[in-house]
Amino acid sequence: MKIGPITTRRGDLEIVVDPIDVEPGQRLVVFGPNGAGKTTLLRAIAGDRAERIAYLPQRPYLFRGTGRTNLMLGVSDAERATQLANRLGVGNQLDVSARSLSGGERHRIALARTLATDARLVLLDEPTAPIDRRDRATILSTIVEATEHRSAVIVTHDQEVAVALASELAVMIDGSIRQSGDPSEVFTLPADDDVAAVVGVANAVSGIVSSVNDGLVTIDAEGVEIAGVGSGLEPGDAARALFGAETVTVFTDFDAPSGSARNRWAGTITSVRPVGILVEVVVEDRFAAVITPGSMEAMSLEVGAVVTLAVKAAAVRVVAAP
C-alpha cells in the first residue's frame with residue numbers, strides 16, 4: 001500500500017514526506033520527539049485515503065452510551081471486538097456508561113474498536129500513552145497480533161514502544177523523515193548527529209578522517225583511531241563516529257581476546273551509574289558502554305579501573321561533522 005507523498009503544515013512547521021510503501025503485515029513506526037510533526041503526518045495520511053481506514057487518535061472520543069455501544073461502532077465482528085476488549089483489560093467495563101470510564105479505560109475501548117475493524121490500513125497515534133506500564137506488554141503484543149495481515153502506521157515518541165512494534169522504523173525530525181529502515185539498523189547506525197540524538201546513541205566522537213577504504217572510514221579522534229561505515233567523506237574532513245553503548249564490549253586489560261573487533265582502546269573508568277537493569281560504564285569521559293551488574297561484579301569494575309573497549313567497525317557510523 002502506497003502512502004503519500006504528503007505535504008502539509010502545522011503552524012510554522014512544514015511536513016514533507018516522500019511516498020512510503022507499507023505492505024500488508026508491515027508495521028511502520030514513525031518515531032521522533034514531541035513536536036516533530038508525527039500526529040500531523042498521521043492526520044494527513046487519514047485524510048488522504050479514499051478507502052476505509054481504522055484510526056486511533058491520541059485522545060479518542062467516546063459517544064454517549066455504554067462501553068459496548070462505543071466498542072461496536074463500525075465493527076462487523078462483535079465476537080472479535082469483545083475478545084479484544086477482554087485482552088486489553090476492559091471486558092468488564094462494556095456495560096458501564098462511557099461517561100464514567102477512566103481515561104485509560106476509554107482509550108482501551110477505542111483501541112479495541114480500532115483493531116476490531118476490517119480496515120486494510122490501521123493508524124495509531126501514541127497507542128500506549130495512557131496505559132499503565134505494568135499492562136504495556138499485553139497492549140503491545142495485542143497490537144502486533146491484530147495487525148498481522150494489515151498495513152499499519154504507528155507514531156510514538158517512546159523508544160520502547162517503537163522497538164516492540166516496528167517492522168520498519170522511520171525517524172521524524174522537524175517535519176521530515178530523516179532515516180528509515182530496519183529498526184536495529186536505525187538504532188545502531190544512525191544516519192547523522194540529529195538522528196543519533198533522537199535514538200539515544202551514547203557515543204558521538206569527533207575527529208578528522210585519516211583514511212577511506214571501500215566504505216570503511218577511519219578517523220583520528222585526538223590520538224584514538226576509530227573505524228566505521230561511512231560515505232561521502234575524504235581524508236582531512238571533520239567527522240563524527242556514532243555508536244551505541246550496547247555495541248561496546250568491555251574487558252579487563254589482561255583478558256581482552258584478539259577477536260574480530262577492529263576498534264580497540266584501553267582507558268580508565270571515570271564513572272559508573274545504573275541505567276535501568278544495566279550499568280553504564282564511562283571510560284576517559286569519552287566512551288560509554290553498558291554491561292550487566294553480574295559482569296561488572298565478575299570483572300571487579302569500579303572508577304579508576306583500567307579496561308579495554310572493543311567495537312566492531314560495522315557497528316560504527318561515521319558522518320560529516322555538523
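The values are calculated or read from the model by the stated rules, or taken from the named source; none is laboratory data. All of these numbers come straight from a predicted model, not from anything done at the bench. Using ideal geometry, Cβ is built from the backbone for each residue, glycine included, and neighbour counts are taken over all protein chains shown.
Conditions (1) under 20 Å from Asp135 (Cβ atoms); (2) among the acidic types (Asp, Glu), marked per residue:
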site	(1), (2)
Gly4	no, no
Leu42	no, no
Arg59	yes, no
Leu71	yes, no
Ser76	no, no
Glu79	no, yes
Leu84	yes, no
Gly91	yes, no
Arg108	yes, no
Got at least one residue in region 139-147 being at pLDDT 95 or above and assigned to a loop (DSSP other than H, G, I, E, B)? yes
Please list, ordered by first then second residue, the pairs with beta carbon atoms under 8 Å, 6 or more apart or interchain, first in region 180-191 and in contact (Cβ under 8 Å) with a residue 12 or more places away in the chain, second basic (Lys, Arg) and crowded, with 20+ Cβ neighbours inside 10 Å. Leu189/Arg317; Pro190/Arg317; Ala191/Arg317
List pairs: first in region 276-293 and under 15 Å from Gly244 (Cα atoms) and at pLDDT below 95, second in a loop (DSSP other than H, G, I, E, B) and among the acidic types (Asp, Glu), Cβ under 9 Å, 6+ apart or cross-chain? Arg286/Glu222
(1) at pLDDT 90 or above; (2) in the same structural domain as Ala44 (by TED's automatic domain parsing); (3) surrounded by fewer than 21 Cβ atoms within 10 Å (Cβ to Cβ): which one isn't true of Ser151, the others all being true? (3)
Out of region 100-127, which residues are polar (S, T, N, Q) and buried (at least 23 other Cβ atoms within 10 Å of the Cβ)? Thr114
Filter result for Asp174 (touching a residue at least 12 places away in the same chain (Cβ under 8 Å) and either of a type in the set (Ser, Thr, Tyr) or surrounded by fewer than 20 Cβ atoms within 10 Å (Cβ to Cβ) (or both)): yes
Selection from region 279-318 of residues that are out of contact with any Phe, Trp or Tyr (no Cβ under 8 Å at 6 or more places or on another chain), in a strand (DSSP E or B) and more than 27 Å from Pro235 (Cβ to Cβ): Val279, Glu280, Val281, Val282, Ala288, Ala289, Val290, Ile291, Val306
Note on region 76-87: residues over 31 Å from the mean Cα position of the chain (by Cα) and either buried (at least 18 other Cβ atoms within 10 Å of the Cβ) or not assigned by TED's automatic domain parsing to the domain that holds Ile143 (or both) are none
At pLDDT below 95, assigned by TED's automatic domain parsing to the domain that holds Arg133 and not in a loop (DSSP other than H, G, I, E, B): does that describe Arg64? no
Are any of the residues in region 107-125 among the acidic types (Asp, Glu), under 27 Å from the mean Cα position of the chain (by Cα), within 24 Å of Ala162 (Cβ to Cβ) and not in a helix (DSSP H, G or I)? yes
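One residue is enough: does region 89-97 have a residue meeting the conditions in the same structural domain as Arg9 (by TED's automatic domain parsing) and under 29 Å from the mean Cα position of the chain (by Cα)?
So the first thing to find is which residues in region 89-97 are in the same structural domain as Arg9 (by TED's automatic domain parsing), and the list is 89-97.
Next, only the ones that are under 29 Å from the mean Cα position of the chain (by Cα) stay: 89-90.
Looking through region 89-97, at least one residue is in the same structural domain as Arg9 (by TED's automatic domain parsing) and under 29 Å from the mean Cα position of the chain (by Cα).
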